[in-house]
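K.L.:
Here you go, one structure.
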Amino acid sequence: MALEKKKIAIAGIGTVGKGLVKILEQFGSEIPNLKVSVIASRKKIRLPKKKIFKDTVILNDAKKLIKFEDYDILVELIGGDDGIAKEIVINALKKKKHVVTANKAMISKYWKDINYISKANKCSIKYEAAVAGGVPIIKIIDEFLISNKISRIYGILNGTSNFILTKMLTTGKNFNEILKEAQKLGYAEANPTFDIDGIDTAHKLSILSSLSFNVDSELNKIKTEGIRNINLLDLKFADSLGYKIKLLGICEIKGKIIKNYVYPCLVEKDNFIANVDGVYNGVVVESDFCNKSFFQGEGAGSFPTATSVFSDIKSILDSDVSHLKKLTNNKNIQFSKPEKRFGKYYLRFTTDDKPGVISGIAKEFKKNNISMKSMLQEDSKIIKSKDATIVITTHDCEEKNMIDALVRINKMNFIKKKTVYFRIENF
């Protein structure tokens, strides 16, 4: 018996879209029941002379897909949390069409709405390509949830920021120099705000947290900091202390409390994540039966992301199972406030080179129940500065206490620059 023909509509032929067309050209013949019925692209395109693209309709405006009916699966590769991308996805779901998307911003922002519409219309929406590029983390989490309860997920979810931090340390160049290099290589956009300010990571973490803990982890519930102000000096100090600084997304559940954080932090060099460098992404999943599972792969780019899109298309053809879960009605779930974080810290003080400085800092620490773990005072000649540089790591303390202490310390007359601090994560 011949397989039922499935038709796909592709919206957006940019970097990922071109990669998908290339994959379909090469492997489309291996899925005889698949055909590309329509492509929406603002730019003129030439399609491969393959059977899968025979009689494909070309539209110059994705909005025309709203009235187009001859497809079973919409592949949305336009991007953006609102606008035409959201419009055609919602329209497709309401028409009982399956959807595959790489749009992390839209999935993160409209998780609850998209979940409801897809379930109501008994159709699938898949978004493997929206998180960690070529790392199949969404599928992995789905499979974990069958027999495991996930307690924590953490990792590097943005290849651009990871590339910048890696190259700064290995080359000794500053942030702005490496950012320009990343832009020339195509790793960073002309406007890199989403990447370097942690927003891209927060979108992805929102999806991972929502899926893992069966709640709506909205973006505004995620503590988010980026790498824009990271100094090469701190990367070097962290390295000398046995750490690397990485921009991490961390989601964790304890009882009824969910913690969602995105920030650069110090990670011990022997940790899985510390050894993920360059444009690669790495994710650790902690669960009750599997303890820790580590996954690494290319986080962005045409073919890694397009591979995830193609995998989702194939998954729908095979099973039509949706990633989205039924949201919990448990009203007792709460999202932890950032000031409640309890952990270790790295601090770099720039001070007058005179007696009494360390005792002044220690006195304020004592008032706020903060104890020092280690201290390093760098010779001013080494860092070529007339000021003293003091690096301190602490034992576990509450973030509110740390912030309160730093507010008071930064007002002391021996402090020459605002104190730099990073959280230390021990996984």
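K.L.:
Would you calculate, for the chain, the mean residue ellipticity at 222 nm contributed by helices, counting each DSSP H stretch of 4 or more residues as -39,500 (n - 2.57) and dividing by all residues, to the nearest 500?
P.N.:
-10000 deg cm²/dmol
K.L.:
Can you tell me the mean projection area, over all orientations, of the convex hull of the stretch 6-126's alpha carbons? Units nm², please.
P.N.:
For the Cα atoms of the stretch 6-126, the hull's average projected area reads 6.8 nm².
K.L.:
Same structure, new question: For Asp81 and Ala190 in the same chain, what is the full-extension length gain: residue separation times 0.36 nm, less their Cα-Cα distance, in nm?
P.N.:
The span from Asp81 to Ala190 would gain 37.3 nm if fully extended.
K.L.:
Of Lys167/Lys344; Lys244/Lys292; Lys43/Lys139; Lys96/Lys204, which pairs sit farther than 28 Å apart, going by alpha carbon to alpha carbon?
P.N.:
Values: Lys167/Lys344 26 Å; Lys244/Lys292 20 Å; Lys43/Lys139 33 Å; Lys96/Lys204 26 Å.
From Lys167/Lys344; Lys244/Lys292; Lys43/Lys139; Lys96/Lys204, over 28 Å: Lys43/Lys139.
K.L.:
Can you compute the modelled spin-label distance between Asn413 and Lys400, with each label point 7 Å from Cα toward Cβ, in nm?
P.N.:
For Asn413 paired with Lys400, the spin-label model returns 3.3 nm.
K.L.:
At 7 Å along Cα-to-Cβ for each site, give me the label-to-label distance between Val57 and Lys373 in nm.
P.N.:
Distance between label points: 6.1 nm.
K.L.:
Would you mind computing, in nm to one decimal, how far apart the modelled labels at Phe294 and Leu241 are, each placed 7 Å from Cα along Cα→Cβ?
P.N.:
The two pseudo-label positions are separated by 2.2 nm.
K.L.:
Ranked highest first by average number of other Cβ atoms within 10 Å, how do 362-374, 86-98, 229-241 line up?
P.N.:
Taking the mean over residues of other Cβ atoms within 10 Å, the ranking is 86-98, 229-241, 362-374.
K.L.:
How big is the gap, in Å, between the Cα center of the stretch 196-227 and the Cα center of the stretch 387-427?
P.N.:
26
K.L.:
Also: Given (1) 26.6; (2) 22.8; (3) 19.6, which label gives mean projected area of the Cα convex hull in nm² as computed from the coordinates?
P.N.:
Label (2) holds the value from this structure.
K.L.:
Then there's this: Please order Leu145, Leu169, Leu65 by the number of other Cβ within 10 Å, starting at the fewest.
P.N.:
Fewest to most other Cβ atoms nearby, the residues stand as Leu145, Leu169, Leu65.
K.L.:
Another one. Please rank Ser359, Ser311, Ser217, fewest neighbouring Cβ atoms within 10 Å first, as an exposure proxy. Before the final figure, lay out each step's value.
P.N.:
Values: Ser359 8, Ser311 19, Ser217 24.
Ordered from fewest to most neighbouring Cβ atoms within 10 Å, Ser359, Ser311, Ser217 come out as Ser359, Ser311, Ser217.
K.L.:
Relative contact order of the chain, please, whole-number percent, based on alpha carbon pairs below 8 angstrom and at least 6 residues apart. Walk me through the numbers before you get to the answer.
P.N.:
On the way: 864 pairs, mean separation 66.4, N = 427.
Reported as a whole number, the value is 16 percent.
K.L.:
How would you rank Tyr127, Tyr280, going from fewest to most other Cβ atoms within 10 Å of each one's own Cβ? Walk me through the numbers on the way to the answer.
P.N.:
Working: Tyr127 25, Tyr280 21.
By the 10 Å Cβ count, ascending, the order reads Tyr280, Tyr127.
K.L.:
Which of the trypsin sites (Lys or Arg not before Pro) across the stretch 9-43 are loop residues per DSSP, with 13 or fewer other Cβ within 10 Å?
P.N.:
Listed in order of number, the matching sites are Arg42, Lys43.
K.L.:
Going by alpha carbons, how many degrees (0 to 90, nearest 10) lie between the helix axis of 83-94 and the longest principal axis of the chain?
P.N.:
50
K.L.:
Which links in Lys104/Lys223; Lys22/Lys97; Lys221/Lys400; Lys5/Lys104 stretch past 21 Å when you go from one Cα to the other?
P.N.:
Details: Lys104/Lys223 18 Å; Lys22/Lys97 24 Å; Lys221/Lys400 18 Å; Lys5/Lys104 29 Å.
The answer is Lys22/Lys97; Lys5/Lys104.
FYI, it's all coordinate maths here, none of it is from the lab. Just so you know, these numbers come straight off a predicted model, no measurement behind them. Because the Cβ atoms are built from the backbone with ideal geometry, glycine has one as well, and the counts that use them run over all protein chains shown.
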